[in-house]
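Down below is the structure, laid out as structure tokens.
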Amino acid sequence: MHAVNRDDHFNTQPKHTEWNKTYVVQAGVDSIYRMKQTTDQWHRNNAQRKNKLLQVCRKHNLNYSVHYSQRIHSGLFVNDKYRVLYCAIPKVASSNWKGVMAVLSGRLSSDDVFKSGQMVPNIAVHALDKGFGQHLTPLGRFSPRQREYRLKNYFKFMFVRHPLERVLSAYGSKMAVLKDTAKKTVQARREIIKYFTKNATFYQLQSGSGVTFPNFINYIIHSHLRKRMLDPHWREYNMLCQPCGIDYDVIGRYETLSEDAVQVLKLISAENVVTFPTSHRPNHGTNAKDKIKEFYSQISAENMLKLWQVYRLDAELFGYMYPDTNWNLYPNGTTN
């Protein structure tokens, strides 16, 4: 009886086994190499953003003292475990980033805050005394000495977007609908109706309903000219985060939000703790461009220039441009 050679079984496999193994290994190496290239390119882009910011700060001789600015510190959130500081800018994915910071507190799980890649509904995000907002720690809660230590030694990041895009987003969520019943928002709507709406009805004056986009822009322009502090949802980035006074390690952009978020979490060693919501994907396609054109074409050329003057410094600091004749905010494609 013929003895079965155990090696014969293995010899029946395809002759290309060794080649396949080599191919798989090489594919893995190629994948790692591409990932490294992507990461290296991201770091170069971030360095360019920081260098651009530094040049503009020097050009305008801007170097703020932020150590005792309570107003600035209330928008900076701290996590001591991960040694990280986040400057929250409303209308630039700040709700989701606050959710991430709440998870990093260790008192909430990612499932507590996010569900199916989205923020869990009906959870307070901006109020610091309820919901998961109570798991956020503003820098302002620390003593001056403790604040200064964290500002100098912690990893710091912020996210920006095109100023005109952000203004339109603020109008859509704060003015066009009456869902936001925050005292300051309601007051702003009433002021716009009172001072910029002709023949306003009693209901409009009381509720603040019917705010048009041109009147909202008028309100921003006049508030700026009167040197009134703008609402945080359309306040200048320079006023919210003072990037010429705080050395941010990462300056993320809304238009590259997904990529930037991944890198931020890697840099603070939290990529295995929480994932930034994948549902938050900025839209910069035809629909977004059409929306910009639809609303900003209602604004006179004079008021467009006045509005741009409000956000000119922000645009220069972060490399954004005035829209071209086709209302394209990114004439050269998505910015780095």
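The values are calculated or read from the model by the stated rules, or taken from the named source; none is laboratory data. Quick caveat: nothing in here was measured; it's all calculated off a predicted structure. A quick note on method: Cβ atoms are made from the backbone with ideal geometry, for glycine too, and the neighbour counts reach across all protein chains shown. Each accessible area value is taken on the protein alone, full model and side chains, heavy atoms only, with ligands, DNA and RNA left out. Shrake-Rupley method; radii C 1.70, N 1.55, O 1.52, S 1.80 Å.
Numbers below:
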{"item": "Accessible surface ranking that places the most exposed of H162, H60 first, with a 1.4 angstrom probe", "result": "H60, H162"}
{"item": "Probe 1.4 Å, all protein chains present, accessible-area order of R145, R189, R150, largest first", "result": "R145, R150, R189"}
{"item": "For segment 145-189 versus segment 226-279, the gap between their alpha-carbon centres in whole angstrom", "result": "11 Å"}
{"item": "Full-stretch length increase - D324, D40 - with 0.36 nm per residue and alpha-carbon distance subtracted", "result": "99.1 nm"}
{"item": "Fraction of accessible area attributable to carbon and sulfur, segment 174-313 (%, probe 1.4 Å)", "result": "51 percent"}
{"item": "Entries of K98/K184; K98/K156; K91/K179; K81/K156; K174/K194 with Cα pairs more than 19 Å apart", "result": "K98/K184"}
{"item": "Charge dipole (segment 173-254, unit charges on Cβ, about Cα centre) - positive-most of S173, C244, T201", "result": "T201"}
{"item": "Cα gyration tensor shape for segment 217-298, rounded if a/c is under 1.5, else prolate or oblate", "result": "oblate"}
{"item": "Chymotrypsin sites (Phe, Trp or Tyr not before Pro) restricted to segment 212-276 and DSSP loop, no more than 10 other C-beta within 10 Å", "result": "none"}
